[in-house]
Amino acid sequence: MFNKITRLQFYTAALLLSAGIFSGCNIVKKESKTATLLLTTDASHSQLMGEVNRFARVESMRAQMDLKFEDNSFAQFGSKEVYRAADGEVVVQRPANIRLTVKVPVIKTDVAQMSSDGEKFRVAILRDESGGKYKKFVIGTNTADYSRLQDDLARLNGDKGSSTMKQNVHAFANLRPQHFTDAMLVRPTDAGHLYTTSTIYQIEEDETADKKSPVRKVTRGYYLLDEFRRLDGGELRISRRFWFDRVGGIRLARQQIFDAKGEIESDIVYGAEGNLTGTGEYNRLPLQIVVTRPQEKYSMKLTYQMPDEVKIGTKYPETAFVLQNSWGLEEVDLDKKLQEAMAQKPTPPGSAVTNQNSARKFQ
């Protein structure tokens, strides 16, 4: 009996002591809002691979689209330039062919036409609202780096100042038709690459939702399917990354394409899914695509105007993707200009070429 009372008194004292400690620390339970964790769907590695290859069923496409261009040249300062939307007709065909026509809305007059056959691109600027001095026919190589020509292109017409037209031409200088082929024609998986699967959760905010909505700020789960290529030395280098939204099913939401250095070359976001063509064969495909090119500092939003009128599967001749200068525009060969710029590059002091030139002066 004595032991039971002593044990009871000990427990009572310990409980009172604990209550005193917690009240002294003033620990109070508080409720705070956090991002809503959305339920996720599971999928296997083979299912994710199958989704990529389902997109890759599209061999060719012809569609009328709304185009909206954003210049992100000043993103580091927290600002960007958003340009007026334009109408566009896009024709794409594997492996890397594209023909893009940009039109003025309503009156449907061509502003520009662009093409790429996978190796060369051609751009015809047909309307400039500046007396025609910006009308050019530009030819270049898809894999070439023309960044060192940027200032020369800006001065191509001897312009001074910062007119709106000049700013627009400068913003569109890096726009290339081949940037959109991998976005619209997803390349299938193949045995020459290695693929790994992982998961990631990230907090997202829908600015279009009401501020008090419980789903304005959510935690969304994704599967990541990474594609690697093996280099000559055995090293693995990432080439593509696919993001699959796991909420309410499995949906390909994003594709990132990496260059030879492992830097992001294209960041492609796929919008809500729908049906393309009126055949019922191409369902659950994105109705909007946003292509961001971080290195060229721009993004383009492409939205299908009439999804049910999209044509898929037609075989187009290769000549359809080689734009001809039928307008007699002044031609600008970027490869030639790049060679000229490289030839005029100052030779660093102390180099072998400089020493040779100095020796000739004394001969």
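The values are calculated or read from the model by the stated rules, or taken from the named source; none is laboratory data. Since we're looking at a predicted model, the values are computed, not measured. All Cβ positions, glycine included, derive from the backbone under ideal geometry; neighbour counts span all protein chains shown.
Here's the yes/no breakdown for (1) surrounded by 13 or more Cβ atoms within 10 Å (Cβ to Cβ); (2) at pLDDT below 75:
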site	(1), (2)
T12	no, yes
S23	no, yes
T40	yes, no
S44	no, no
S73	yes, yes
Item to check | L194 vs. criteria at pLDDT 55 or above, farther than 30 Å from L338 by Cα and surrounded by fewer than 18 Cβ atoms within 10 Å (Cβ to Cβ) | outcome: yes
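Given the options D159, D151, D117, name the one that is of a type outside the set (F, W, Y) and at pLDDT 75 or above. If you could, list the steps in order and put the result at the bottom.
On the way: D159 fails: at pLDDT 75 or above; D151 fails: at pLDDT 75 or above.
That would be D117, the only listed residue that is of a type outside the set (F, W, Y) and at pLDDT 75 or above.
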Item to check | Qualifying residue in region 291-308 (condition: modelled with pLDDT of 95 or more, over 16 Å from the mean Cα position of the chain (by Cα) and within 21 Å of A56 (Cβ to Cβ)) | outcome: yes
Checklist entry - Residues in region 205-226 that are touching a residue at least 60 places away in the same chain (Cβ under 8 Å) and closer than 20 Å to Q255 by Cβ: how many? => result 4
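Of all residues in region 316-328, which are more than 27 Å from the chain's Cα centre (by Cα), part of a loop (DSSP other than H, G, I, E, B) and at negative phi? I'd like the intermediate steps shown before the answer.
At the first step, the residues of region 316-328 found to be more than 27 Å from the chain's Cα centre (by Cα) are 317, 319, 324-328.
Filter once more, so that each one left must be part of a loop (DSSP other than H, G, I, E, B): 317, 324-328.
Scanning region 316-328 gives P317, Q324, N325, S326, W327.
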Checklist entry - Does any residue of region 282-289 turn out to be modelled with pLDDT under 95, of a type in the set (A, V, I, L, M, F, W, C) and surrounded by 17 or more Cβ atoms within 10 Å (Cβ to Cβ)? => result no
